[in-house]
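Every read-out reported here was derived from the displayed coordinates using simple, explicitly stated rules and does not represent laboratory data. Just so it is clear, the model here is predicted, and its values are computed rather than measured.
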Amino acid sequence: MEESVAILRALAAGFDPRTGEEFGEKGAWADPRVTAALTRAADALEAKERRDAARIEKPLPSAAGQPWTAEEDERLRTEYRAAATIRALAELHARTRGAISARLVRLGLLEPPVRTVSPGA
């Protein structure tokens, strides 16, 4: 992945990643939208690499990805109503905070997050 990032960064900077030669002023690489897209792609690859490394250092909780049982749903309802935090519930249920939040939304105990869409997205 490191090589891919280097290639994208070279292209975004206006250089041929194979030879290091600077591109001319005409071509797709001169378009600011193309440069921005290449930079965003390189940033996204680097962010993924950081997330993957963090996941290796900190593995997912033991129940992550497992189906929820009716009993566990009832425990979650009770613990949430007792004012337990999302972080505490995640530890109690051996699940991620995102999974706890999503389940609370599904159980009608938490409002779903408001998603905004940018114009042109």
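Volume per residue, Å³, of the convex hull around the alpha-carbon atoms of region 2-57?
Numbers: hull volume 3.4 nm³, N = 56.
So the per-residue Cα hull volume is 60 Å³.
Sequence-distant or interchain residues sharing an amide H contact under 5 Å with Phe15, placed H: which?
Placed amide hydrogens put Phe23 under 5 Å from Phe15.
At 222 nm, what value in deg cm²/dmol follows for the chain if DSSP H runs of at least 4 each add -39500 (n - 2.57) and the sum is divided by all its residues, to the nearest 500?
On the way: 5 runs with 68 residues, N = 121.
Result for the chain: -18000 deg cm²/dmol, rounded to the nearest 500.
I need the P(r) histogram for region 60-113: all alpha carbon pairs, bin width 5 Å from 0 out to the longest distance, whole percents.
4, 22, 36, 28, 10, 1
In whole Å, what is the distance between the alpha-carbon centres of region 1-25 and region 31-69?
The two parts, judged by their Cα centres, are 23 Å apart.
When Rg/Rh (Cα atoms, Kirkwood Rh) is calculated directly from the model, which label among (i) 1.39; (ii) 1.07; (iii) 1.22 fits?
Recomputing Rg/Rh (Cα atoms, Kirkwood Rh) here picks out (iii).
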